[in-house]
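**Q** Can you read through this structure? Questions will come right after.
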Amino acid sequence: MEINVREKNDNELTFIVDGVDISFINAIRRICTVEVPTLAIETVAIVKNDAALFDEVLAHRLGLVPLETDIEAFELASECDCENGCPSCSVSLILKEVGPKVVYSRDLSSTHEAVKPVYDTIPLLKLREGEEVELEAIAKLGIGLEHAKWQPTTTCAYKYYPLITIDDACEACGKCVEQCPRNVLDYDEAEGKIIITDIENCSMCKTCVRGCEQESIHVESQEGKFIFKIETDGSLSPEEVLVNACDILKDKSEKIVAFSKGGS
């Protein structure tokens, strides 16, 4: 397997992986999306809510606020020995505000210094003069298989790496360049031929193929080579999501091997 990183920042990671089959790359995608755990607000105890926003709507908005997650510091609520939540599997966040003001995610006060909303400016509700809100929200570690609020990724997708070939019958008329919607091709005046300038931007729509009267351009996919992109909500970095997904897949594989040996 060969991996080359193309683009990386705090919340996005794009890389090329070569030497794997589609079942492997799809397993990584699925695990990144629904099996890598994150923290999210699960229960909300509302003491007072004078705002026009219903309690149920407020609780739903709180549940969708992404929280910075330290996976090593907590264990899944489903695997914890406690009955109603404990510091090993949950974190308490307090909200107590008086209007007039717009209440933002930054107003949530966490009992764990490492757990806080990823973004400070998510509006939760609006309080008018004299209105109050007071509540306690309990965040727990969970996975996307249980609920979408525990999904760490906002985008997790892959596509085959494109393979574009131009044969000798090409007359360099330039129609394929004009019709390509993603500027993958260009005309080299010095060489008098069509060149490929940005192959990784190719969506393999084959508009260029349909526009070529000589049928001299061919667009295919490279077997075993993929472009993979991960974008997260900030609760985890893309690298953390990918590494944890690989660890989870490794554990699953080891269990299958152990089961197979035990059953033989």
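**Q** Take region 147-177 and flag every residue that is touching a helix residue (DSSP H, G or I) at 6+ places or on another chain (Cβ under 9 Å) and open to solvent by less than 40 Å² (accessible area, probe 1.4 Å).
**A** 149, 150, 152, 153, 156, 161, 162, 164, 176, 177
**Q** Another question, if that's okay. Restricting to region 53-81, name every residue that is in contact with a Leu (Cβ under 8 Å, 6 or more places away or on another chain) and at pLDDT below 95.
**A** Passing the criteria: 53, 69, 71, 74, 75, 76, 77.
**Q** Which of (1) in contact with a strand residue (DSSP E or B) (Cβ under 7 Å, 6 or more places away or on another chain); (2) aromatic (Phe, Trp, Tyr); (3) in contact (Cβ under 8 Å) with a residue 60 or more places away in the chain does residue 104 not meet, given it meets every other one?
**A** Condition (3) is where residue 104 drops out.
**Q** Would you call residue 35 in contact with a helix residue (DSSP H, G or I) (Cβ under 8 Å, 6 or more places away or on another chain) and at pLDDT 95 or above?
**A** Taking the combined requirement at face value, the residue satisfies it.
**Q** Let me ask something else. Identify the residue in region 23-62 that is of a type in the set (A, V, I, L, M, F, W, C) and touching an Asp or Glu at 6+ places or on another chain (Cβ under 7 Å) and, among all such residues, is surrounded by the most Cβ atoms within 10 Å (Cβ to Cβ).
**A** 51
**Q** Quick one: which of 126, 206 is at positive phi and either open to solvent by 70 Å² or more (accessible area, probe 1.4 Å) or touching a His at 6+ places or on another chain (Cβ under 6 Å) (or both)?
**A** 206
**Q** For the subset of region 129-144 comprising residues that are more than 21 Å from residue 73 (Cα to Cα) and aliphatic (A, V, I, L, M), which member is surrounded by the fewest Cβ atoms within 10 Å (Cβ to Cβ)?
**A** 135
**Q** In a loop (DSSP other than H, G, I, E, B), at pLDDT below 95, open to solvent by less than 60 Å² (accessible area, probe 1.4 Å) and touching a helix residue (DSSP H, G or I) at 6+ places or on another chain (Cβ under 7 Å): does that describe residue 114?
**A** So residue 114 fits the description; yes.
**Q** When you scan region 179-203, how many residues do you find that are loosely packed, with under 12 Cβ neighbours inside 10 Å and more than 27 Å from residue 229 (Cα to Cα)?
**A** Residues that pass the stated criteria total 5.
**Q** Another question, then. Going through region 63-95 one residue at a time, which ones are in contact with an Asp or Glu (Cβ under 9 Å, 6 or more places away or on another chain) and not small (Gly, Ala, Ser)?
**A** Those that are in contact with an Asp or Glu (Cβ under 9 Å, 6 or more places away or on another chain) and not small (Gly, Ala, Ser): 66, 69, 71, 89, 93, 94, 95.
Yes/no matrix, rows are residues, columns are (1) free of Cβ contacts under 8 Å to residues at least 60 places away in the same chain; (2) in a helix (DSSP H, G or I); (3) within 30 Å of residue 160 (Cα to Cα):
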position: 44; (1), (2), (3): no, no, no
position: 58; (1), (2), (3): no, yes, no
position: 83; (1), (2), (3): yes, no, no
position: 97; (1), (2), (3): yes, no, no
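**Q** Could you pull out the residue among 20, 65 that is open to solvent by less than 40 Å² (accessible area, probe 1.4 Å), in a loop (DSSP other than H, G, I, E, B) and either farther than 29 Å from residue 125 by Cα or of a type in the set (Asp, Glu) (or both)?
**A** Going through 20, 65 in turn, just one is open to solvent by less than 40 Å² (accessible area, probe 1.4 Å), in a loop (DSSP other than H, G, I, E, B) and either farther than 29 Å from residue 125 by Cα or of a type in the set (Asp, Glu) (or both): 20.
The values are calculated or read from the model by the stated rules, or taken from the named source; none is laboratory data. Predicted model only: the values in this text are computed from it and were never measured. With ideal geometry, Cβ positions are generated from the backbone for all residues, glycine too; neighbour counts draw on all protein chains shown. Areas reflect the complete protein model, heavy atoms only, side chains present, ligands, DNA and RNA absent. Shrake-Rupley method; radii C 1.70, N 1.55, O 1.52, S 1.80 Å.
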